[in-house]
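The values are calculated or read from the model by the stated rules, or taken from the named source; none is laboratory data. Since we're looking at a predicted model, the values are computed, not measured. We place every Cβ from the backbone using ideal geometry, glycine too, and count neighbours over all the protein chains shown.
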């Protein structure tokens, strides 16, 4: 297998206000065989309204991290925000090979967020992570990818699961790494730790062939990039939800919080 010659620096930042207003910010820089392209996207959901998405591939500023504060600004998207850590960071190498790796840095499993949307000042909670990828992502053995984050006033949960023939899982509850759990779109649970999180998936933030849509636009900047990508990966279906979560652990009462979570189906073509 040849060395990948790819480097992706991808940030994900989100926001959820007390009134239910939700925003997701993506900022990334991709380098491949000497070609470089920047990518920024902003997903916005107001209660009772349709999701709006804005994207551009012009040179954009990546988030800046200084100690426990992350700032990001994109003038073309009219977005500016500050994320201040409200929980300790967690991280893991999700994939490693002689041809590259995938490092996941969750700097803020929970954040206090100030967001300026075209002059509107919003305050709420959020989350911030960074991915560093130096391997072709389709070399990572997976048919399904699940990711999510959940917050209440007292609890913070983050999860990742990669499924092929077997499952590889990462889950943290209040900073503690939990093993042997069940990760599904509607429910996260652990018999050993005696907790269950039920997710209602009431809000659809994304439901599309996102990789295909992004790659189609990338070809202007990275000619031939689609030719090295398997159809299975290119045509994957992405589903991202905003959920009300009901969390119960041991003998405690049920507490409610908000989750943003997704499922990427790399077997969509075989159905």
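Restricting the search to the stretch 18-34, which residues are within 23 Å of residue 136 (Cβ to Cβ) and either buried (at least 20 other Cβ atoms within 10 Å of the Cβ) or touching a helix residue (DSSP H, G or I) at 6+ places or on another chain (Cβ under 8 Å) (or both)? Once the filter is applied, which keeps residues that are within 23 Å of residue 136 (Cβ to Cβ) and either buried (at least 20 other Cβ atoms within 10 Å of the Cβ) or touching a helix residue (DSSP H, G or I) at 6+ places or on another chain (Cβ under 8 Å) (or both), the stretch 18-34 yields 27, 28, 30, 32. Taken across the stretch 219-226, residues that are in a strand (DSSP E or B), in contact (Cβ under 8 Å) with a residue 60 or more places away in the chain, in contact with a strand residue (DSSP E or B) (Cβ under 8 Å, 6 or more places away or on another chain) and surrounded by fewer than 17 Cβ atoms within 10 Å (Cβ to Cβ) do not occur at all. Filtering the stretch 1-25 to residues that are in a strand (DSSP E or B) and within 19 Å of residue 219 (Cα to Cα) leaves 6, 7, 8, 9, 10. Which residue, of 265, 226, 177, is at pLDDT 95 or above and over 24 Å from residue 156 (Cβ atoms)? So the residue among 265, 226, 177 that is at pLDDT 95 or above and over 24 Å from residue 156 (Cβ atoms) is 265. Listed by first and then second residue, the pairs with beta-carbon distance under 6 Å, at least 6 apart or on different chains, first residue in the stretch 66-92 and within 17 Å of residue 121 (Cβ to Cβ), second modelled with pLDDT under 95 and assigned to a loop (DSSP other than H, G, I, E, B), are 74/60; 78/118. For the stretch 173-188, a residue qualifies if it is under 15 Å from residue 249 (Cα atoms) and crowded, with 16+ Cβ neighbours inside 10 Å, and the qualifying residues are 173, 178, 181, 188.
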